[in-house]
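Presented below is the structure to which this report refers.
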Number of protein chains: 2
Amino acid sequence: MDERPHKHSVRIDLGDRSYEIFIGHRLIDDPASLDGLPAGASAVIVSNVTVAPLYAARLISALQTRFRQVHLVELPDGEAHKHWGSLNLIFDALLEKACDRKTVLFALGGGVVGDMAGFAAACYMRGIPFVQIPTTLLAQVDSSVGGKTAINHPLGKNMIGAFYQPLRVLCDLDTLGSLPDRELSAGLAEVIKYGPIADMAFFDWIEAHMAALRARSPEALSHAIRRSCEIKAAVVGQDERESGLRAILNFGHTFGHAIEAGMGYGAWLHGEAVGCGMVMAARLSRALGGVDQSFVERLTELVRAAGLPTVAPVLDGHDNVGRYLQLMRVDKKAEAGAIRFVVIEGPGRASMQSAPDDMVAEVIRISCAGETQCV
Amino acid sequence: MDERPHKHSVRIDLGDRSYEIFIGHRLIDDPASLDGLPAGASAVIVSNVTVAPLYAARLISALQTRFRQVHLVELPDGEAHKHWGSLNLIFDALLEKACDRKTVLFALGGGVVGDMAGFAAACYMRGIPFVQIPTTLLAQVDSSVGGKTAINHPLGKNMIGAFYQPLRVLCDLDTLGSLPDRELSAGLAEVIKYGPIADMAFFDWIEAHMAALRARSPEALSHAIRRSCEIKAAVVGQDERESGLRAILNFGHTFGHAIEAGMGYGAWLHGEAVGCGMVMAARLSRALGGVDQSFVERLTELVRAAGLPTVAPVLDGHDNVGRYLQLMRVDKKAEAGAIRFVVIEGPGRASMQSAPDDMVAEVIRISCAGETQCV
């Protein structure tokens with residue numbers, strides 16, 4: 001009789017940097033979650049003041065079966081703290097504890113913790129092994145998978161970072177039980193994203209199961225996470241360093257990053273900005289001829305059903321369009337000052353494209369006014 | 001009739017990260033130095049307040065033939081500034097100029113500039129292309145080659161960094177003409193290093209040509225740089241990320257880093273600390289049985305002939321040995337608290353080894369007292 005919790009596994013294929021995403025219950029406690037990881041002398045958990053009280057003690061117990069020393073670093077909570085100062089708290093702790101190159105770092109938390117802990121692992125002594133333990137839906141379906149790590153710069157989100165793959169990702173479904181509703185919705189934005197860019201059958205499934213997802217049905221969440229990770233794994237496996245294809249995973253993110261930066265990091269959750277940004281990107285895709293108005297309306301409705309905003313915020317009362325354009329020009333996908341958008345070429349297919357400024361301006365105007373008609 | 005300056009080339013073989021080191025005269029001005037580099041919209045030169053006035057104008061002219069925009073970032077000069085604050089000056093400039101992922105960064109300066117500019121290139125938007133233009137002997141024979149980049153942390157040298165390879169290295173011999181004597185000597189430490197660890201015939205050659213090297217004979221310097229780069233290329237080609245072999249390039253560096261950190265970064269030049277550190281490491285190698293006293297004396301004499309210190313500084317009047325050991329325990333090569341040294345197993349062959357604390361202590365005591373007898 002198998003008493004181990006039921007568990008799925010998705011593989012990210014990257015040659016000697018390949019790894020598994022485990023999806024299941026009670027993974028934080030399960031010693032099998034650590035099978036095959038290197039056994040260094042010490043493990044360091046990086047978490048934040050909100051998540052650590054919930055799960056750190058259980059993780060410490062599990063890690064003590066493998067590591068002689070286990071340390072915990074608690075960062076302040078929130079996107080506003082995703083900067084060098086917080087990163088340096090991790091380096092200070094690693095050096096004060098005399099952590100060596102074999103130390104394994106565990107990122108326990110949402111996307112902000114994962115991005116910072118991953119970047120710290122990438123840089124400490126030029127790279128130490130690390131494991132992602134995402135505790136938010138957003139991190140489980142997106143940010144913990146694929147090796148993107150970063151901190152923010154006052155002039156742009158995620159501008160300083162590294163591509164650095166974890167040894168493993170542990171998506172413990174039980175951690176979603178304590179997630180605030182607002183963060184659950186934010187995570188659903190990144191789930192919805194995978195439909196328009198890659199898999200409209202998944203999009204149909206999300207529409208049919210939105211109520212179950214918001215009610216935190218373990219079966220629905222497990223399927224959503226698994227399918228999201230499979231799509232992300234396929235994309236990242238083809239283009240680890242975002243020289244082309246991988247950029248489609250940024251659907252809605254160009255507008256979204258402008259909203260986040262323009263409102264001040266933390267005012268809108270990343271997923272909220274992406275939800276609204278996807279509606280804007282769908283409108284732009286329609287203007288460019290990739291999708292029709294019914295597609296825009298269907299996506300808008302699903303974003304709304306997920307509990308996410310669909311009306312874009314006014315970032316500047318005097319020159320709102322100018323402010324959006326200015327913020328989008330420092331996007332990492334921009335080239336020679338030209339903003340490049342992830343555009344839906346047809347339902348389930350995306351590509352990178354530029355668009356005329358006046359077309360983008362009209363999308364911004366309509367989106368900030370909350371109008372749903374076509375551009 | 002070929003009017004192009006005479007030029008040597010050494011290849012670093014790292015698969016799709018392979019690149020060439022050019023060694024020759026007037027490379028900064030030579031348009032051929034840029035052949036085959038990607039043609040982004042903008043180039044950014046990172047230099048310092050000492051080097052930029054000497055060479056930046058010429059480099060800017062050359063770059064303007066290929067890039068629409070060329071910007072210059074001048075950092076403060078010296079190891080004491082190799083920290084996050086200076087790194088952030090580079091990020092600020094890149095973002096203020098709206099530099100995109102295709103921007104090519106040029107590191108124009110010594111090891112400190114190269115390490116910081118390289119790390120900035122590794123992190124900006126998770127990686128942009130960069131070119132090393134080392135202007136000191138130390139950087140030409142060692143730090144600009146092989147992709148190690150880093151900044152210092154108050155608790156340890158080069159603790160925060162990345163393995164990130166340049167697109168090319170341009171060793172312009174003419175830049176050595178303006179190098180202060182003290183920095184020339186510091187560079188010779190890293191040249192001497194290659195003998196004991198890999199090539200005693202080269203060691204013989206250095207002994208025979210030390211006067212020519214210190215007199216800055218272009219032929220002697222060109223040969224020393226070329227042979228040093230060849231040895232480094234062979235080692236890095238086998239072990240890019242220092243999982244084993246590459247660590248032998250750190251001969252003298254474990255003691256040397258302790259001297260640098262203990263004296264305060266910048267008080268001793270890196271090469272000076274390495275020169276003295278090699279004498280200490282040779283004494284340890286003798287104590288472990290790899291070499292005899294005549295080898296220690298021969299190396300000591302060559303370090304002295306290069307104009308480098310051979311007597312170690314006292315770092316702490318109350319517990320000097322304890323202070324050395326404490327500083328060496330945070331070395332990146334340490335594992336589980338055990339210091340690991342690059343030890344000469346026999347002239348021309350090195351490996352990583354631990355040593356009993358009392359043996360290391362005796363080496364420190366004798367080295368600080370300036371005694372030359374055996375341990």
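The values are calculated or read from the model by the stated rules, or taken from the named source; none is laboratory data. In this text, all values refer to a predicted model and were calculated from it rather than measured experimentally. Methodologically, a virtual Cβ is constructed for each residue, glycine included, from the backbone with ideal geometry; neighbour enumeration extends over all protein chains shown.
Worth a mention:
- Leading residue by the ranking (farthest from the other protein chains (Cβ to nearest Cβ)) among those in segment B:344-364 that are among the hydrophobic types (A, V, I, L, M, F, W, C), within 24 Å of residue B:155 (Cα to Cα) and surrounded by fewer than 21 Cβ atoms within 10 Å (Cβ to Cβ): B:361
- Scanning segment B:228-248 for residues that are in a helix (DSSP H, G or I), within 14 Å of chain A (Cβ to nearest Cβ) and either under 30 Å from residue B:361 (Cα atoms) or over 16 Å from the mean Cα position of the chain (by Cα) (or both) yields B:246, B:247.
- Residue among B:69, B:132 that alone is more than 10 Å from chain A (Cβ to nearest Cβ) and either at pLDDT 95 or above or farther than 18 Å from residue B:150 by Cβ (or both): B:132
- Residue match in segment A:287-301 (condition: within 27 Å of residue A:155 (Cβ to Cβ) and either buried (at least 20 other Cβ atoms within 10 Å of the Cβ) or in contact (Cβ under 8 Å) with a residue 24 or more places away in the chain (or both)): no
- So residue B:243, is it surrounded by fewer than 19 Cβ atoms within 10 Å (Cβ to Cβ) and hydroxyl-bearing (Ser, Thr, Tyr): yes
- Residue check for residue A:166: in the same structural domain as residue A:123 (by TED's automatic domain parsing) and more than 30 Å from residue A:354 (Cα to Cα): yes
- Top-ranked residue in segment B:79-96 [being touching a residue at least 12 places away in the same chain (Cβ under 8 Å) and more than 25 Å from the chain's Cα centre (by Cα); ranked as nearest to the other protein chains (Cβ to nearest Cβ)]: B:94
- The residue that is farthest from the other protein chains (Cβ to nearest Cβ), counting only those in segment B:321-343 that are crowded, with 23+ Cβ neighbours inside 10 Å and part of a helix (DSSP H, G or I), is B:324.
- Unique residue being among the hydroxyl-bearing types (Ser, Thr, Tyr), crowded, with 24+ Cβ neighbours inside 10 Å and facing chain B (nearest Cβ under 10 Å) when the list is A:194, A:124: A:124
- Filtering B:142, B:181, B:174 for residues that are out of contact with any strand residue (DSSP E or B) (no Cβ under 7 Å at 6 or more places or on another chain) and either within 14 Å of chain A (Cβ to nearest Cβ) or surrounded by 24 or more Cβ atoms within 10 Å (Cβ to Cβ) (or both) leaves a single hit, B:142.
- Extreme residue, nearest to the other protein chains (Cβ to nearest Cβ), among residues of segment B:97-108 that are buried (at least 18 other Cβ atoms within 10 Å of the Cβ) and of a type outside the set (A, V, I, L, M): B:100
- Qualifying residue in segment A:150-164 (condition: more than 14 Å from every other protein chain (Cβ to nearest Cβ) and either hydroxyl-bearing (Ser, Thr, Tyr) or under 13 Å from the mean Cα position of the chain (by Cα) (or both)): no
- Qualifying residues in segment A:253-296 (those that are among the charged types (D, E, K, R) and part of a helix (DSSP H, G or I)) - the one farthest from residue A:339 (Cα to Cα): A:272
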